[in-house]
Every structure is written in structure tokens, then in C-alpha cells.
Amino acid sequence: LVSEDTDTMAAAAAAHSGRSAARGPAAAPDTAWIVLNATYGLMELGLLEGDAGQGAASALHLQGSRPVGPMTHEQQAQVHQLLDALVNQAATMAQQQQPLLSLAAGLRRRLEALGVMAPLDNTQVIASYSSELVDMLPKQWALGGLAAMSGSGSAAGLMNQLIVEKELKHSLLLQCLADSGVLYALPAIVLRVLVENAEKLAVASSVLALHVAVHEEMAAGSCSDTIVKVVHLAGQLCSGSTHETLSPSELFYARPSISVPALLQAIGQASVSISEQTSSGLARPGDEGVHQLHKHATDLGRLLGTAVTAAHAKRDALQSGLRMSTPQIYSQLGQSSWLAEQAARGALDRLALACQAVRRLLLGAGPAGGQGPMLDLARTTFGVTEVLLAGFAAAVAAAPSAATKSALVAEYKAARTRCVTSLLEDAQMEMSSAGAAGLPATDALVWQVEELAAAHHCFQQLFDTCELLASRSEEFAVPRLHQHMAAVGAEEGVPQSETFARYCYQRFLDDQRPADLLTLPASFHPDLKAFLQPRPEHASLLWPLLLHTGDFGGGAAALTLDAAAHKASLPEHRRLVGMARLAAMAAGDAAAEAAATEQLQLVRVQEGLNNLLAQLNTGESLGESVLDITGLVDAALAVEQRAGSGDGALLALQALATTSPAAREANRSKYQLAWQALCAATSWSEIDSAVEAAGPGNAAADVLRGTPLYEAVALCCGQGVFGTGASVTDTAPIKEVRQWISQLTGGDNRAGAISGQIVELALQDFTAEEAQ
């Protein structure tokens with residue numbers, strides 16, 4: 001059959017099969033046709049038994065008539081043949097600058113007809129074809145290798161040509177899969193192989209270019225052989241046989257799908273060698289000098305940077321050109337990319353450790369180490385750290401379980417703390433060496449460290465970086481810190497409240513910088529409030545914030561907490577309680593206002609006792625600490641015992657009247673003693689004489705109103721000790737007080753009469769005031 005289109009070709013084959021079957025089984029055709037197609041050339045088209053006789057209509061729906069199940073080796077070979085033909089024809093069309101849409105138009109139907117798309121496991125055949133294409137070993141590779149590069153560029157050029165050919169064919173494969181819609185129907189596990197093969201090809205191409213450049217530098221005496229040795233080792237690591245026909249370096253470039261991950265392993269092994277030499281203090285036979293180790297470390301960083309840059313460039317190209325989102329692919333799989341796998345992270349961490357070990361040697365060498373090599377190594381360390389931390393971040397994001405994520409976060413934190421801390425020290429050294437005032441140059445290391453710290457939640461280092469910049473320009477650095485506080489949230493795997501802003505709040509507190517906390521922009525106030533509220537020890541910072549934002553109720557509560565924390569200073573306690581009362585009034589919170597008023601009254605009692613002691617000229621004082629109710633009453637009774645004027649007893653009653661009934665009941669004996677002391681200090685005969693001298697009427701009543709007993713009863717009435725309203729005269733508390741006073745004056749009828757008149761007058765006056 002000869003046809004321009006494989007779908008027409010399939011229909012014709014099916015129709016022909018139907019006519020043959022009508023003539024009987026003997027005339028039935030074979031189930032496979034060899035077809036010459038204008039697009040794909042000579043290829044085999046298979047029709048299963050049962051398709052014959054269905055005509056052209058059934059041929060267009062071959063997938064539905066095929067059994068669903070795993071593909072056989074023969075079927076996989078057919079798919080590989082189809083994709084080979086597709087890629088070769090696409091290469092020809094691309095060379096002629098023809099669009100590939102017409103070529104890819106029926107690809108999905110042809111793959112479905114071969115059983116590739118169902119079940120999805122069968123799509124692995126596309127992944128296997130991709131790897132086969134990437135790792136093909138043309139015979140020409142045996143003609144020369146890297147060993148010949150120093151003498152001639154022909155071998156390098158040949159290898160470069162073949163890698164370029166692989167890259168072109170693999171790109172055309174992806175483009176045709178995308179144009180046909182097949183690419184977007186593939187499962188994530190297949191997409192991962194396609195993406196990573198493309199990246200690894202790009203890495204092999206870039207490393208080859210570096211390899212050639214290194215050979216030229218070695219010939220000029222300006223480069224070590226570190227990179228050549230690592231590529232050689234990577235080729236050995238990916239060798240599948242002890243009898244390889246290609247050299248290790250050739251194998252590296254021939255098998256990118258397995259050799260590129262092996263490159264990271266080889267870098268890790270070379271890094272271990274550096275670290276071992278530094279740990280011995282360069283004292284063992286064969287150990288190299290610090291500057292040689294520095295060169296090895298920077299060369300390894302150069303090789304790593306070349307590989308990673310190529311991989312990321314290809315990943316970006318696939319994202320923009322084919323809309324292949326690698327983060328989405330890895331998220332669906334719950335896995336990380338080849339650059340973020342545990343083995344890769346381990347190798348990168350070993351290189352970072354090697355760089356830090358060489359750094360310590362350079363620092364130990366003093367001026368002989370040289371600042372230039374230090375900063376050069378710092379740039380290398382930064383590049384390694386950037387890749388390492390990006391790998392950790394990707395691994396954390398793709399972690400399939402909370403336990404795995406938590407373990408990865410712990411490793412991630414340890415690595416970034418170690419690496420970024422040393423980088424910040426190097427950045428500070430660079431700034432100091434520059435010596436210029438103002439902000440560092442735009443290419444200074446400090447800016448890169450700042451960006452790295454922000455990207456990877458290195459909160460301490462990010463804060464310290466902003467502080468370092470603030471030492472040059474506070475006007476610039478403080479708003480920049482605020483920007484980071486607003487932008488850098490919590491990382492994956494930790495509580496969402498653990499943001500950079502929360503770290504800064506605590507850091508300001510730890511560094512005794514409350515002003516920096518309270519002068520934060522208003523946008524931080526809600527979060528700062530949520531941070532401070534569970535921390536009563538910082539109420540002194542919370543209430544200014546709450547009052548500033550108009551939360552008077554919250555401000556009153558915070559002021560009360562702050563006042564409780566300042567009981568060692570009576571004046572400060574009084575100030576805070578007074579502000580709490582005002583805030584409660586502004587909030588309309590009657591209960592909070594009453595509580596603050598009670599506290600203020602107790603403070604006044606203590607201040608009154610201090611004044612009374614001062615009048616006695618004893619040189620004694622109750623001190624600056626705020627007394628509780630029991631201590632306050634005890635102190636008042638003690639002062640009364642010494643003064644005997646009734647003023648101390650009156651202050652004791654004032655304190656007990658101010659407090660709650662439960663507290664008064666707990667101090668019942670002291671309450672009775674206060675009334676007893678008050679009566680004992682009263683001169684009944686003097687009062688009696690004054691009343692007689694005043695004569696009947698209001699003048700006598702005024703004499704009674706001037707007595708301490710009247711004041712005490714009026715005070716208790718006003719505080720609700722005896723109840724409220726007209727019933728105050730008949731309540732149990734006043735009856736009890738009457739009884740106590742009667743007992744205290746029982747031997748003096750005139751004293752008993754006068755005390756009764758005083759109590760009755762105080763009750764009448766209070767009732768009258770309440771009525772008004």
C-alpha cells in the first residue's frame with residue numbers, strides 16, 4: 001500500500017483485509033502490513049485478528065478493538081520504530097524549515113493503535129525510547145576520544161557533533177509529542193524521564209565544552225587537572241562492564257542519563273579527598289598545600305556550576321516552550337529531581353564542607369592566606385550552597401509524608417545554618433576590605449547572601465544581613481528589613497506562625513530593642529498583637545500597641561497585667577493602674593473599671609500608711625513594694641497600735657471595705673480588730689462634751705459627723721459592705737458591727753449611746769444620699 005497518511009493507510013489495510021476474509025480463511029491476509037509511507041518511509045502496520053471485515057470505519061478506531069494489557073517486546077519495538085521514523089522525518093523537516101504540526105497530527109492515534117496510551121503503564125515505552133535516544137552509542141565514538149584532545153580537536157568536535165545531534169532529536173521528539181497532545185496525556189513518571197533526559201543532555205554538552213576549555217588551559221599551564229579527573233571518575237562510575245570499548249571519559253558523554261548523576265557522585269568523592277587533607281593539617285605524606293586545595297575546590301565549584309546552569313536553562317526552556325512544569329511533575333510523584341535526590345544532596349554537602357575546610361585553612365594562614373583567595377572561595381561556596389539549598393527545598397516540597405518532611409526540614413536547617421553563616425562572615429569581610437562608606441557595590445557578596453537567606457528561611461542570617469547593611473545606611477536597611485518581614489513566611493513542614501516577622505519580634509525582645517518593635521509599620525500591628533498577647537511578661541509593649549490601634553478594652557487588660565508585673569514599684573504600679581482605669585472607661589467596660597478603681601484605693605491606703613508613719617517620725621516606711629490585702633491590713637493595725645489615733649484603724653477598714661466579700665471573710669478577725677481599735681482610739685467623753693456644747697440641732701450632728709467612727713461607717717456603706725438601698729440599716733453586716741461596738745462600749749452607757757447615735761446618723765445620711 002502507498003499512502004500519504006497513515007490513518008488512510010490503516011483504513012485501506014483494514015478494508016483490504018475485509019475483502020480477503022470474505023473469500024474465506026484461506027484467503028485471509030497476515031496480521032501485519034509492510035507499508036511505504038511518504039512521511040515515515042518503510043514501516044510495519046499491524047492489524048489484529050478480528051479487525052478484518054470491519055472496513056474503513058473500524059480501522060479508525062483501532063484502540064477500542066485492541067486488548068488492554070502490558071506491551072510485549074515486539075510491540076515496544078514497533079513503538080520505537082515508529083518514534084525513530086517520526087524523529088528522523090522531523091529532523092529532515094526542521095532542516096527544511098517546515099512546520100511539524102502536520103507530522104504530529106496523527107501521532108496520538110497511531111500510538112493508541114499500538115496500545116501505548118492504555119493502560120498508562122504502557123507509556124513507559126516512550127520513556128525508554130527517550131533514554132535509548134540519549135544513551136545511543138554510535139560506532140564513530142570509537143574513532144577517538146578525550147585522550148586525543150590535547151593533540152587535535154577532531155575527537156572533541158565529533159563528540160560535540162553527536163551530542164548536538166542527540167539534543168536535536170530529543171527536542172524534536174518532545175515537540176512532536178507536544179504538538180500531538182500526547183505529551184500532556186503522559187503520567188508524571190514518564191514526564192520526569194523526558195525532562196531529566198533533556199536536562200542531562202544539556203549538562204553533557206556544557207561539560208564537554210568546559211572539558212575542552214580546561215584542556216586548553218592545562219596546555220597553557222593555567223589550570224589543574226581536577227575537572228578532567230572528575231569527568232574520568234564519573235565515566236568509571238557509570239560503566240556497566242569491565243570490558244568497555246570506550247574510555248571512561250567517552251562513556252561519560254555517551255550515556256548522559258546515568259553519567260550525569262554520577263558526575264555529582266564523583267564531585268562528592270573528590271570533595272572528601274580535600275576534606276581529609278585539611279583535617280590532617282596537611283601533615284601527611286602526599287598532602288597538597290592550602291593553595292592547591294583552594295584551586296581544587298574552586299575547580300569543583302566551576303564544574304558544578306556549569307552542570308547546574310545547563311540543567312536549569314534547559315528546564316526553563318521546556319517550561320516556556322512546551323509548558324512542562326517540573327515542580328508540578330515532582331509534586332505529583334512525591335519525589336524530587338535528580339539534582340535534589342539524597343545522593344545528589346550528599347555530594348553537594350560534601351563539596352560545601354570541603355570549601356569550608358579550605359576556608360578555615362586560609363583563615364589560619366593569616367595574611368599569607370590572602371584575601372583574594374578567601375573571597376574567590378566564598379563565591380564558590382555561595383554557588384555550591386545555592387544548589388544544595390535549592391535541592392533541599394525541592395525535596396521538602398515533594399516529601400510524601402509529614403514525618404519525611406520533618407526529617408528533611410531538620411537536615412535542611414542544619415545545612416543552611418552552617419553554610420549561610422560562613423557566607424555572611426565572608427560578606428562582612430568583603431565589605432570591610434572595600435572600606436568605602438555607603439552601601440556596598442551591586443555585585444557585592446552581601447546582596448547575594450541576603451537573597452539566599454530570604455529564599456531559604458535563614459532567619460538569623462537574614463536579620464544579621466539587614467543589620468550589616470544598616471551599619472552603612474539605616475535609612476535604606478530598616479525599610480528593607482520590613483519588606484523581608486512582610487514577604488518571608490513560614491517554610492514547609494513547620495507551623496505557619498513561624499514567619500520571619502515573628503523571628504524579628506523575638507529578636508527585638510532578646511536584644512532589648514522595644515523601640516524597634518513599637519515603631520513597626522501599622523501593617524504589622526495585628527500580627528504583633530497576636531504575638532504579644534500570649535506573653536504577659538511583655539505586657540508593657542502590648543498595651544501601647546493596643547491603645548494606639550484603638551483597642552481600649554485590650555489595652556486595659558494589658559495595663560492590668562503590666563501593673564501586676566510592677567508591684568515592686570508603688571508609683572509605677574499606681575500609674576499603670578490609673579491608665580488601666582481610664583482605658584476601661586474608654587472601652588465602656590464597667591467590670592474592668594471597678595477592678596482598677598479597687599486597686600487604686602488599695603494603693604491610696606498604702607500611701608496613707610506611709611504618710612502616717614512619716615508623721616510619727618519613726619524613720620520607718622512600708623517600702624516601695626505593693627502589699628496584698630492581708631499585708632496591708634496587718635501594717636495598718638500595727639501603725640494604729642503605735643499611733644493610737646484611730647487613723648491606722650480607719651485605713652485598715654478602708655482596705656477591707658474596698659476588697660471583695662470573700663477576701664473580707666478570709667480576714668474576718670482583722671476586720672473585727674479594726675473596729676475594736678477604732679473604738680479604743682475614740683474619746684467618747686470629748687465627743688459627749690462637744691455635743692452638749694453644740695446644743696440641739698445640726699451643730700450636734702456635725703460634731704458626730706466629724707468622728708472617725710462616722711467616717712468608718714460611711715465608708716463601709718459607700719463600698720457596699722453593709723448592703724445597698726433602704727435595707728442597709730437592717731442587714732446582717734451592720735447588725736454585726738453594732739453588736740461589736742456595743743460590746744466594746746458596754747461598760748459606759750454614755751459611750752454606748754453616743755456610738756449608737758453616730759452609727760445611726762451615718763446610716764441615715766447614706767440612705768438619704770441613695771434616695772437622691
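The values are calculated or read from the model by the stated rules, or taken from the named source; none is laboratory data. All figures in this text were calculated on a predicted structure; none of them were measured in a lab. All Cβ positions, glycine included, derive from the backbone under ideal geometry; neighbour counts span all protein chains shown. What goes into the accessible areas is simple: the full protein's heavy atoms, side chains included, and nothing from ligands, DNA or RNA. Shrake-Rupley method; radii C 1.70, N 1.55, O 1.52, S 1.80 Å.
Structural remarks
- Here the contact order of the range 184-282, divided by its residue count and restricted to Cα pairs under 8 Å and six or more residues apart, works out to 27 percent.
- Compared with the dominant principal axis of the Cα atoms in the chain, helix 459-470 is inclined by about 80°.
- Unit Cα scatterers, Debye sum, the range 598-650: log10 I(q)/I(0) for q = 0.24, 0.30 Å⁻¹: -0.90, -1.35
- Distance between the 7 Å Cα→Cβ label points at Arg750 and Leu363: 9.5 nm.
- Angle of helix 732-744 to the longest C-alpha principal axis of the chain, folded into 0 to 90 degrees and rounded to 10: 40°.
- On Cα atoms only, tilt of 342-364 relative to the major axis of the chain in degrees: 70 degrees
- Value of Rg to Rh for the chain, rounded to two decimals, is 1.30; Kirkwood radius and Rg both from alpha-carbon coordinates.
- Packing-based order for 438-450, 107-119, 82-94, using average beta carbon neighbours within 10 Å, highest first: 107-119, 82-94, 438-450
- Inter-site label distance for Glu498 and Asp225 at 7 Å from Cα along Cβ, in nm: 4.9 nm
- The residues of the chain expose on average 45 square angstrom of accessible surface per residue, using a 1.4 Å probe on protein heavy atoms.
- Helix-only [θ]222 nm of the chain, DSSP H runs n ≥ 4, -39500 (n - 2.57) each, per residue, nearest 500: -23000 deg cm²/dmol
- Hits among aspartates and glutamates - C-alpha to C-alpha of Lys229 under 17 Å, sequence gap 8 or more where chains match: Glu216, Glu217, Glu250, Glu288, Asp299
- Greater than 31 Å apart at Cα, pairs in Lys295/Lys413; Lys529/Lys567; Lys295/Lys405; Lys169/Lys405; Lys169/Lys295; Lys169/Lys413: Lys295/Lys405; Lys169/Lys405; Lys169/Lys295; Lys169/Lys413
- Sum of side-chain charges, Met429 neighbourhood, beta-carbon under 15 Å (Lys, Arg +1; Asp, Glu -1): -1
- DSSP-defined antiparallel bridges as percent of all bridges, the chain, nearest 5: 75 percent
- Accessible surface of the chain, 1.4 Å probe, proportion on carbon and sulfur as whole %: 54 percent
- Summing charges over all other residues whose Cβ lies under 12 Å from the Cβ of Val409, with Lys and Arg as +1 and Asp and Glu as -1, gives -1.
- Judged by the mean number of other Cβ atoms found within 10 Å, the most tightly packed of the peptides 521-531, 226-236 leads the ranking 226-236, 521-531.
- Relative contact order %, the range 548-667, counting alpha carbon pairs below 8 Å whose residues are six or more apart: 21 percent
- Principal axis box of the range 174-214, alpha-carbon based, largest edge first, Å: 43, 20, 6
- Computed on the chain, with alpha-carbon pairs under 8 angstrom and 6+ residues apart, the relative contact order is 5 percent.
- Hydrodynamic radius (Kirkwood) for the range 196-268, which is based on Cα pairs only, to one decimal in Å: 12.4 Å
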